[in-house]
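To start, the structure under review is shown below, and the notes come after it.
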Amino acid sequence: MKIIKRFIFILCFWLCHCYGFTQNLPPEISVSGGQIYCPQSQVSIVASVSITDPNPEDTSLSEIFVQIAEGYQNGQDTLELIGTNPNISSSWNASEGLLTLSGPATFAEFESAIENVVFQTTQTTFTQDRQFSINLGDANYLPSTGHYYFYVSDPGITWTQARDAAAAQTYFGLQGYLATLSSEEESQLAGEQSPGTGWIGGSDAEVEGTWKWVTGPEAGTVFWQGNANGSAANNEFSFWNYNEPNNVNNEDYAHITDASIGVLGAWNDLSNTGDLAVNNPYHPQGYIVEYGGMPNEPNISLSASTTLIMPRVLDGDIAVCGTDTFTLTAEASTSEVWWFETSTSMTPIHVGLNYDVNINTTTTYWLLPVVQGCSTNTERYPLTITINAIPIVNNITISQCEDDVMDGISNFNLSTYNDVIVSGDLNNLDVNFFETVDLSIPLDDDNYTNLTNNQVVYAQVLNTITGCSVIAEVLLSVNTNVSNYSILTECDNLDETGVVSFDLTQAESQILNSLASDVVVLGYYETHSNALLQDNQLNSNFTNTEPYNQTIFARLEQNGSCYSIAEVNLNAEHLPNLLENETIFYCTNTFPDTISLNGGVVDDVPNNFYYNWSTGETTMTIDVNEPGTYSVEVTKPFGCTNTRTITVLPSNTATFETIEVTDLSENNSITVIVSGDGDYVYALDDENGIYQDSNSFENLPAGIHSVYVKDIKADCGIVSTDVVVLGFPKFFTPNGDTVNDTWQIKGFSLELSKNVHVEIFNRYGKLVGLINASNPKWNGSHNGKLLPTDDYWFAATLPDGRTFKGHFTLKR
């Protein structure tokens, strides 16, 4: 049902716009005006008016609308119909600035009535003229755009419905579209002075935060970027309300805010439907249709406009530079202006738009734009003439040194003389240099090469706040003096990089030798160009940037001008070439034998140097027999000193501390624990055999083994010890072939065998053999009788107190 009602409303609106007049073609109106307003009085808005119609049979209208279209001041401006106007009545709508003339009446009667419409305002100080639109139709007309605007009330309509409804409407052949308010005047007429608020043709639905007009001739024009803290794109007009747009709940469509919220006529963003609550101020109430500006539209004169000129001074205060006679021009809306000394002076000091006057201090004049025949025009406008001081400058001569070629041409750093050219503070002053007095050829003030010797260039000194400027002459003179050079020598550092620190002040005595007493060294620079331009001055303690040999430059000045550029040669002298620091070893087991340490001179004759050892000795070599750190300073005669350090570390042969033996087992092993200052390796049973890092030997056969320990840190020698590993055979064969004919415990030395006691038993526990000091072996017999093949058991008591039991096999 709501959709049907809205369709009926739109259809009626369209019929009204298309057929609101009985004529087939719309009537036309033309007016003349341009009067000057006499303050506090009623003034006609037109001088003449003419209403015609292409159809001569059409000679009447039902109503005409007169609106203050631009410059309207609500609450101060009024329009009124005065005089006798047959068949016509009037009504004033202050919120819209609109006077409605209601008939029906003839064209002539309406023409007379329009001429009887007068404007009056209580405003006395004017900033804007008033423009009036006289409309034969009911749409608002804006003279500055030539477009028509109509508010359609339609509560609850969505933005897309409003867009489509506006596009479906025409106004005497003009295509309708949702209004695109691209100027302050449009926004006031369609916002402040509109009978209602509603949708307009802006949206950021395509790209969030990029607001553009999407209807009418401005379609595609971006006018805002971002949310409330965003900015106007390309200085386009916008009129967002406080904290808008804010994109609350995905709001993508522009809407003129309800009059109860924020700034009257300002915009906010809403969703397509707005708030659905009928009484909410964000519930859409309608939309604004705009007509005009679309392609191929007819030219209609359904509306006309006229201007009422408000008497006022148009321009603001004037600022001038220095004291002089100035021609002051008053930009006023009237042809005559009276100049007064004060706001209350009775007699003008000058009459006219132009005033020639000598001013030497900031002065305020009071200007009255005169309206002829108007006694109520008394409002004066202040015009302040501010006298800004011209910078005070000096013409100077800059004396520069020659560059590498003696031709009177050199490089100048002009900017370093700004404080000499300007008298006083440089704050807010820009100094720029030019080759010609007309300031047409700017110079590089940091590095300018003169064209000829004694050339004059020009410095413009500009106050960046006041815009006042003055020109100073700068004479560029090139000196051709020659000065001494200096050589500074320092020993290289111990890292031998060829990069050392030089005290540049030590060069001054060489440079200034025999020069006048007023010649001074201003500073030192890494390049000749830097010295000329006084760029990047070096510290007096300078570390060379080119190893071993580098030339830098000293700038000499006399009486504040460059005298000459002197060379300073920096030489980092090589140190004596020595062997690298080294570490050697002394075998403490050889004490008191000595080893020899030498100064380590390379590529030279050692006798050509002085030596100073940390031991106090001064010979080329020294002999030492104890560990320690020994250093020697090696010095060239009258030259540099280098230092070499020799670290003597101890080493020696090993000392056996502990010998761990695992024997009488399936895996016999020996582990040797030694002490000493050396680094040791180990070998078994062969002094010249293969040595290993491990101090353990495994899977050893029973017997007496020799363990050798060698020092490899300093090759201090080899030590050895014998180690007994005990064991017994698992079987023996006493058959007289001399192989395994007897059984005994293996690994005993002669001394150990004297203290061993072994008892041998057959399987029945009968003692059948005995091994001791007098009988070290068993031959397999008992009481002279050979025993048979069998397993036999033994119990051994070892010299170290251990007891051990086992068994073995006798084979025949």
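A short reminder: the numbers here are calculations on the coordinates, not readings from a lab. Owing to the predicted nature of the structure, the values given are computational and were not obtained by experimental measurement. Reconstructed Cβ throughout: ideal geometry from the backbone, glycine too, with neighbour counts over all protein chains shown.
Taking a ≥ b ≥ c as the square roots of the eigenvalues of the Cα gyration tensor, the range 149-291 is rounded, since a/c falls below 1.5.
If each residue's Cβ is checked for other Cβ atoms within 10 Å, how do TRP613, TRP240, TRP92 rank with the fewest at the top? Don't skip to the answer; put the middle values down first.
On the way: TRP613 19, TRP240 22, TRP92 14.
In increasing order of surrounding Cβ atoms, one gets TRP92, TRP613, TRP240.
Volume per residue of the convex hull around the Cα atoms, evaluated for the range 696-812, comes out as 136 Å³.
Among THR590, THR197, THR215, the ranking by other beta carbons within 10 Å of each residue's beta carbon, starting with the fewest, stands as THR590, THR215, THR197. When GLU244, GLU402 are sorted by how many other C-beta atoms sit within 10 angstrom of their C-beta, beginning with the fewest, the order is GLU402, GLU244. Taking every full run of DSSP H in the chain, the ones that stretch at least 15 Å from end to end by Cα along their long axis and average -1.0 or higher on the Kyte-Doolittle scale are 2-19. Find how many whole Å separate the alpha carbon centroid of the range 657-723 from the alpha carbon centroid of the range 201-262. For the range 201-262 versus the range 657-723, the Cα centre distance is 95 Å. Whole-Hz Karplus values for the range 761-771 come out as 10, 7, 5, 9, x, 8, 5, 10, x, 8, 10 Hz, taken residue by residue from phi with 6.51 cos²θ - 1.76 cosθ + 1.60 and θ = phi - 60°; glycine and proline positions read x.
When the range 31-99 is described by a simple charge dipole with +1 on each Lys and Arg Cβ and -1 on each Asp and Glu Cβ, the residue from ASN87, THR59, TYR37 located farthest towards its positive end is TYR37.
The Cα atoms of the range 655-725 cover 38, 23, 17 Å along the three principal axes, with the biggest extent listed first.
Quick check on the range 532-676: of the DSSP beta bridges with both residues there, what percent are antiparallel, nearest 5%? Before the final figure, lay out the partial values.
Values: 34 of 40 bridges.
In the range 532-676, approximately 85 percent of DSSP beta bridges are antiparallel ones.
For LYS811, a cut-off of 14 angstrom between C-alpha atoms picks up these aspartates and glutamates, skipping any fewer than 8 places away in its own chain: ASP737, ASP741, ASP790, ASP791. Short to long, the 10 Å bins of the Cα pair-distance histogram for the range 640-758 hold 12, 32, 25, 15, 8, 4, 2, 1, 0, 0 percent of all pairs.
Charge tally around LEU556: other residues with Cβ under 13 Å, Lys/Arg +1 each, Asp/Glu -1 each, net -4.
Here's how it looks for HIS283: its modeled amide H is under 5 Å from those of ASP275, which are all 5 or more places away or on a different chain. Projecting the Cα atoms of VAL756, TYR563, PHE119 onto the charge dipole of the chain (Cβ charges, centred on the Cα centre) puts VAL756 farthest toward the positive pole.
Can I get the semi-axes of the range 275-324's equivalent ellipsoid? Compute them from the C-alpha gyration tensor as square roots of 5 times the eigenvalues, in angstrom, largest first.
Working: eigenvalues 411, 146, 39 Å².
Each semi-axis is √(5λ); the values are 45, 27, 14 Å.
The modelled label-to-label distance for the pair SER335/GLU660, using points 7 Å beyond Cα in the direction of Cβ, is 12.9 nm. Charges were assigned to the Cβ only: +1 to each Lys and Arg, -1 to each Asp and Glu. The resulting dipole of the chain about its Cα centre is roughly 3780 debye.
Helix-only estimate, please: 222 nm mean residue ellipticity of the chain, summing -39500 (n - 2.57) across DSSP H runs of length 4 or more and dividing by its residues, to the nearest 500.
Working: 8 runs with 58 residues, N = 812.
Rounded to the nearest 500, the figure is -2000 deg cm²/dmol.
The range 110-216 has equivalent-ellipsoid semi-axes of 30, 18, 12 Å, by the square roots of 5 times the alpha carbon gyration tensor eigenvalues, sorted largest first. Selection among ILE552, GLY265, LEU798 by position relative to the dipole of the chain gives LEU798 as farthest towards the positive end (Cβ unit charges, Cα centre).
Would you mind working out the magnitude of the charge dipole of the range 642-758 relative to its Cα centre, with +1 at each Lys and Arg C-beta and -1 at each Asp and Glu C-beta, to the nearest 20 Debye? Let's see the in-between values first.
Details: 6 positive and 17 negative charges, 26 e Å.
Using Cβ point charges on Lys, Arg, Asp and Glu, the range 642-758 gives about 120 debye.
Here the convex hull built on the C-alpha positions of the range 353-491 has a volume of 177 cubic angstrom per residue. Summary of the geometry: the range 30-107 and the range 344-393, compared by the centres of their Cα atoms, lie 38 Å apart.
Which shape class applies to the chain: rounded if a/c is under 1.5, otherwise prolate when a/b exceeds b/c and oblate if not, where a ≥ b ≥ c are the square roots of the Cα gyration tensor eigenvalues? Oblate, since a/c reaches 1.5 and b/c is not below a/b.
Among 772-780, 269-277, the peptide with the highest mean count of other Cβ atoms within 10 Å heads the list, and the full ranking is 269-277, 772-780. For the range 566-698, a crude dipole built from +1 on the beta carbon of Lys and Arg and -1 on the beta carbon of Asp and Glu, taken about the Cα centre, is about 800 debye to the nearest 20.
Could you check what % of the DSSP bridge pairs in the chain are antiparallel, to the nearest 5? Display every interim value, and only then the final one.
On the way: 178 of 205 bridges.
Roughly 85 percent of the beta bridges in the chain run antiparallel, per DSSP.
On a 28 Å Cα-Cα criterion, which of the cross-link pairs LYS710/LYS777; LYS710/LYS730; LYS746/LYS766; LYS710/LYS805 come out too long? Kindly include the intermediate steps, with their values, before the conclusion.
Details: LYS710/LYS777 38 Å; LYS710/LYS730 36 Å; LYS746/LYS766 24 Å; LYS710/LYS805 38 Å.
Too far apart for the 28 Å limit: LYS710/LYS777; LYS710/LYS730; LYS710/LYS805.
Rounded to the nearest whole Hz, the Karplus-based 3J(HN,Hα) values (6.51 cos²θ - 1.76 cosθ + 1.60, θ = phi - 60°) of the range 697-714 follow the sequence 10, 10, 6, 8, x, 5, x, 9, 10, 9, 9, 10, 10, 10, 7, 10, 5, 10, with x at glycine and proline.
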